[in-house]
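Here the structure comes first, spelled out in structure tokens, and everything after it is commentary.
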Amino acid sequence: MGGYSKSTYEYTKLRKNFGRQPLFQNVPAHIIDTINPDYELQKQYTLRNPVHQQIQATLPQTDHESNTKKIVKHEQGINHTEGGWPRDVHLYNEEHILRHRRRIQHDESYVHSVLNLKPSLEHLIDQNNAIDMYQSYFTNIHPQASVEKYNVQISNEFRDPYHRPISCIAWTNERNSKLITSYCDKIYSIESDTNPQNVCYIWDVNRQTSPVYQFSPENGCWQVTGSPVRPEIIVAGLENGIFNIFDTRMGSKPVCSSSIYNSHFGPITALLYTHTRTNTEFFTGSLDGQCLWWDERNISQPIDKLPMSVRFSTKAEPNLTNSEGVSSLQFDKGLPTKFLCGTESGLVINANRMGRSHSEILTSYWEAHTGPVRAVHRSPCTLRMFITCGDSTVKVWSEEVRTASIIFTKPYRQQITDVSWAPLRYSCYMVVSAGGVFYYWDLLRKFDQPVASLNISNHGLTKVVPHLEGESIAVGDNYGSLFLLHLSENMIFPGPNDKQFMHQVYDRETRREHILDARLKELRLKTRTEPTTDATDDNTDTENFDVEKETEDYFKIVKEEISLMGGVFTTS
């Protein structure tokens, strides 16, 4: 057994190197260490006076004058999205493009330009003829459906501190458009110091903290619009039948107001500017059953009056006692003498101001909905087609068909409060409902269901107003919130053949309704001419009718529809 040896290592250090002794009290200052200067380096130091020296940092230059030829410059804007279109030609307006092409083709230099391009074009044609450019190279790949994504996003929200329902929304006609919003509770019109019912706002789309301007009408504001040529002028239609005109440069109070004796007897439910040379005329509609035309330069009395009477006896005269209450109006610059009027009784009246008699002015009407027509708009694709909304349905109508709508949707689960066509995309329209859901429809993509939907608010939506450029959509609800929606690019701009396809859809559905109408008339005429059947035949048909089987089939269909809508079918 080996021995055990312990290895040790000793480390020594002087006590003065351990550090200073902590005294834990304030002690006077004392020198710890000092370093003497190096006298050899101190001898090399020399004191110099300041030295001034001039330096030329730039090259020498001379100045002289000379007369040169005058160069004339001018600016010209070009849209590089598709070719070099001039600024006054809208890329997505086919009429502008055709008019511009026709003007270029009649130019004398057009023929010379085509002749100069002929050699290069023939060379390219010869190259294409040398190969089989129509050969199918990928025949083994299975075809797949094209993926087209529709995206709707809430980009901003503007809140009313008093949580009043939004009654109307309008865009100002200027480069940086703003939103004019009126707030009013049409059912319970109550005003107090803590809840000013009449204050309305103008919002900047890029600032949601506070409005850029607020104006105070004399009464609850139901309708509001801005001047088409002067963005500082605002016209507000009030609950007591009068209207106020505001100037944003003059403060929040109205600069002028119509007289209650020459205005409407009920709330103003529609307010639109008409197309005139001065752009100062507008017309209003009310629940009292008449339309009044005004000029903002002289509002002491209306220019013209029109009672909306279409259903009255031959012996009676058209007046306010037999007129229909106006719920919505539509006017398009393409038809300066015509307009559409939606009524509280569910009618859509086609009016022409150029008529001499009352029957020539109110030429026809459609029985559109069971309740009030909340909105009516002509299609930007063709002025012969218009859309309406009311109760829980949305319908597309043709002026050539009087009996029924050419396109209609299934009833929604909630009341439909507003509808509007997409400004640039001819086949699309937008719908808002009382359930707080925004729907976007495209008739060329899906005919039976919307292509996109978004639950915007927990409260019912009241208005939807798109911007003229089509990218931004303003939506208001019953809780005073104004939402600014942004759409994806494929929901804003039309396809190259969308207008042509939409014309085909319109002609097809119009022709189908004409055929159905003719067939219905034949069946009615046939039932009148045929003799009535005996009662025994009716009893036989009743006996053959299986009530239990039909009831089972009915509940089966109801269960399938509820499951498609996301509900649960229960039986008691």
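So in the range 243-257, with the set limited to residues that are assigned to a loop (DSSP other than H, G, I, E, B) and hydrophobic (A, V, I, L, M, F, W, C), which one is least open to solvent (accessible area, probe 1.4 Å)? Once the filter is applied, the top-ranked residue is 255.
Quick grid of which residues meet (1) of a type in the set (A, V, I, L, M); (2) in contact (Cβ under 8 Å) with a residue 60 or more places away in the chain; (3) open to solvent by less than 10 Å² (accessible area, probe 1.4 Å); (4) assigned to a strand (DSSP E or B):
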| residue | (1), (2), (3), (4) |
| --- | --- |
| 380 | no, no, no, no |
| 387 | yes, no, yes, yes |
| 402 | no, no, no, no |
| 413 | no, yes, no, no |
| 420 | no, no, no, yes |
| 426 | no, yes, no, no |
| 438 | no, yes, yes, yes |
| 446 | no, no, no, no |
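A search for C-beta distances below 8 Å between a residue of the range 312-323 that is closer than 10 Å to residue 288 by Cα and any residue that is open to solvent by 70 Å² or more (accessible area, probe 1.4 Å) and assigned to a loop (DSSP other than H, G, I, E, B), counting only pairs 6+ apart in sequence or on different chains, returns 320/265. If you take the residues in the range 275-328 that are among the aliphatic types (A, V, I, L, M) and part of a loop (DSSP other than H, G, I, E, B), which one is surrounded by the fewest Cβ atoms within 10 Å (Cβ to Cβ)? Across the range 275-328, the extreme among qualifying residues is 316. If you go through the range 476-499 and keep only what is open to solvent by 70 Å² or more (accessible area, probe 1.4 Å) and either aliphatic (A, V, I, L, M) or at pLDDT 90 or above (or both), you end up with 478, 479.
Of everything in the range 85-98 that is surrounded by fewer than 12 Cβ atoms within 10 Å (Cβ to Cβ) and farther than 15 Å from residue 380 by Cα, the residue that is modelled with the highest pLDDT is 98. Select from the range 389-400 the residues that are assigned to a loop (DSSP other than H, G, I, E, B) and in contact with a helix residue (DSSP H, G or I) (Cβ under 9 Å, 6 or more places away or on another chain) and list them in ascending order. Passing the criteria: only 400. Every condition in (1) in contact with a Ser or Thr (Cβ under 8 Å, 6 or more places away or on another chain); (2) within 25 Å of residue 450 (Cα to Cα) is met by residue 423 except one, and the failing one is (1). Among the residues of the range 210-242, those identified as open to solvent by 10 Å² or more (accessible area, probe 1.4 Å) and closer than 17 Å to residue 187 by Cβ are 219, 222, 223, 239, 240. Do we find that residue 463 is open to solvent by 10 Å² or more (accessible area, probe 1.4 Å), assigned to a strand (DSSP E or B) and touching a residue at least 60 places away in the same chain (Cβ under 8 Å) in this structure? Yes, satisfied.
Taken over the range 318-338, the criterion of being under 21 Å from residue 417 (Cα atoms) and out of contact with any Pro (no Cβ under 6 Å at 6 or more places or on another chain) is satisfied by 324, 325, 326, 328, 329, 330, 331. Condition check for residue 174 on (1) of a type outside the set (S, T, N, Q); (2) outside any loop (DSSP other than H, G, I, E, B); (3) at pLDDT 85 or above; (4) surrounded by 10 or more Cβ atoms within 10 Å (Cβ to Cβ): one failure, at (2). If I filter the range 177-189 for residues that are open to solvent by 30 Å² or more (accessible area, probe 1.4 Å), touching a strand residue (DSSP E or B) at 6+ places or on another chain (Cβ under 9 Å) and at pLDDT 90 or above, do I get at least one hit? The answer is yes; a qualifying residue exists.
The values are calculated or read from the model by the stated rules, or taken from the named source; none is laboratory data. Predicted model only: the values in this text are computed from it and were never measured. All Cβ positions, even for glycine, are placed from backbone atoms using ideal geometry, and neighbour counts span all protein chains on display. We work out accessible area using only protein heavy atoms, side chains counted, and drop any ligands, DNA or RNA first. Shrake-Rupley method; radii C 1.70, N 1.55, O 1.52, S 1.80 Å.
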